[in-house]
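Step one of this worksheet: look at the structure below.
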Amino acid sequence: MRRKIYDRLLQWKKKNDGKSAVLVQGARRVGKSYIVEAFAKAEYRSYILIDFNLVDTQVRDLFLYDLNDLNTFFLKLATYFNTKLYERQSLIVLDEVQLFPRARSAIKYLVADGRYDYIETGSLISIRENVKDILIPSEEDHINLYPMDFEEFLWAADNETMMGLIQNCFENKRPLGQALHRKAMDLFRQYLIIGGMPQAVKAYISSHDFDEADQVKRRILDLYRNDIRKHARGYEMKVEAIYDELPSQLKNQNRHFKLSSLKEGARFDEYKDALFWLSDAMIVNHCYNSTEPGIGLNLNRDRTLLKCYMGDTGLLVSHAFDEKGIVSEEIYKKLLLGKLEVKMGMIVENIVAQMLTASGHKLYFYANSSRDDAQARMEIDFLIAKNRIFSRHNISPIEVKSSKNYTLSSLKKFRRKYGEQMHIPYVLHTGDLKEEDGILYLPLYMTSFL
């Protein structure tokens, strides 16, 4: 499984030369341990992987009692794992470091010593319980690992050429043409259904059996539910209620998360910790309403009006169609052909949120529900800002369309009202690339290039 994070780890190794550790964080089962160990095997003379999910108290005690004498610390560590360490040629991996926060706080001293390189991996890493009693090291760079993106999915399917063509067409604003667009959309729908969790991708690529991939995804969903019960101390019932409600909320026309569906009279302050827990765990991606889409989307963020997307769309598919415990082959075929109209909108919007997040965007939308002014009443699915902000024309509105027949009334209203602030307006749809009336229509598989 090739992952783009490998190149980022390579850059870190060459650029930092032991001056910082790197923390790879992501949701459970997103492939952190796999890619870090692959990197360790290929790029270092030797490595030690300390999995805090498995190691006994002897190893933990090293971080408690031996850090004041690092010569002894490394000698004991090398002896315990029967691995010779070479100065500036060995890597020590602290896997699932959130399970033993004292090891994370030791990074400050280990990096200062300078003998070896250090990579940490963790899930639920930013949750308060895991950091409240430690000094978070400043010598720690962070890299987020998300589910496999569309290009990584294509690599897994042994397709090395499609994404290069798609990128070339995006950069030159050319359509792929009927035959190649149809092929690209077929592959994209497979990605949309399977998602980007490496185990599910592997199961599908090996067998081309949707049921096998679905069983893998359901095991991951059960793992998340167990994590909630184990780690969301004090508000696990609220977190689990939100988690169970996600597909129903995304089925709503405007996708806004309505707390009233959890409990009559529920207020944001009552559920905010539970919402942020799911976001910290990278199980969901939050999308906030930016009430005045100008220079700074975050400056005008309404934290109480949000959408709550699943971090992986393949997991959402299995989560949404769980009436019989498994997604039937018939449902998968309809999804593959784009014929499942009833829930296609939420799935397509979720994959766009997933792709924008993986590309480094924070998620924002625009909603105005004015009862008095019909021209002000509109909803834009996503807003993104240019990399370099100027005094005008910084914000691009994005409308997501899952079917061939659609209207753009909100986008037209937005253009009239916020023309001074607007950059390029986009429509992400199932058709090929085209430009009409100042709007750039892009096929869904080009989302990652925005």
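The values are calculated or read from the model by the stated rules, or taken from the named source; none is laboratory data. These numbers come from a predicted model, not from an experiment. Positions of Cβ are backbone-derived with ideal geometry, glycine not excepted, and every protein chain shown enters the neighbour counts.
Tabulated data for the structure shown
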| item | result |
| --- | --- |
| Options Gln354, Gln421, Gln375; residue that is more than 29 Å from Asn144 (Cβ to Cβ) and either modelled with pLDDT under 90 or polar (S, T, N, Q) (or both) | Gln375 |
| Cβ pairs under 6 Å, 6+ apart, first in the stretch 263-277 and in the same structural domain as Tyr309 (by TED's automatic domain parsing), second of a type in the set (Lys, Arg) | Tyr271/Lys238; Ala274/Lys238 |
| Index of the failed condition, Gly196 passing every other in (1) in a loop (DSSP other than H, G, I, E, B); (2) of a type in the set (Gly, Ala, Ser); (3) modelled with pLDDT under 90 | (3) |
| Odd one out for Ile242, checked against (1) farther than 14 Å from Ala274 by Cβ; (2) part of a helix (DSSP H, G or I); (3) in contact (Cβ under 8 Å) with a residue 24 or more places away in the chain | (1) |
| Tally, over the stretch 11-59, of residues that are more than 22 Å from Tyr86 (Cα to Cα), over 25 Å from the mean Cα position of the chain (by Cα) and either aliphatic (A, V, I, L, M) or outside any loop (DSSP other than H, G, I, E, B) (or both) | 4 |
| Cβ pairs under 8 Å, 6+ apart, first in the stretch 52-81 and within 20 Å of Arg115 (Cβ to Cβ), second among the polar types (S, T, N, Q) | Asp66/Thr72; Tyr80/Gln58 |
| Meets criteria (under 24 Å from the mean Cα position of the chain (by Cα) and not hydroxyl-bearing (Ser, Thr, Tyr)) for Ala179 | no |
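Let's see how each residue does on (1) in contact with a Gly (Cβ under 7 Å, 6 or more places away or on another chain); (2) outside any helix (DSSP H, G or I); (3) buried (at least 16 other Cβ atoms within 10 Å of the Cβ):
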| residue | (1), (2), (3) |
| --- | --- |
| Glu349 | no, no, yes |
| Leu356 | no, no, yes |
| Ala367 | no, yes, yes |
| Asp373 | no, yes, no |
| Asp381 | no, yes, yes |
| Arg388 | no, yes, no |
| Ser403 | no, yes, no |
| Glu420 | no, yes, no |
| Met446 | no, no, yes |
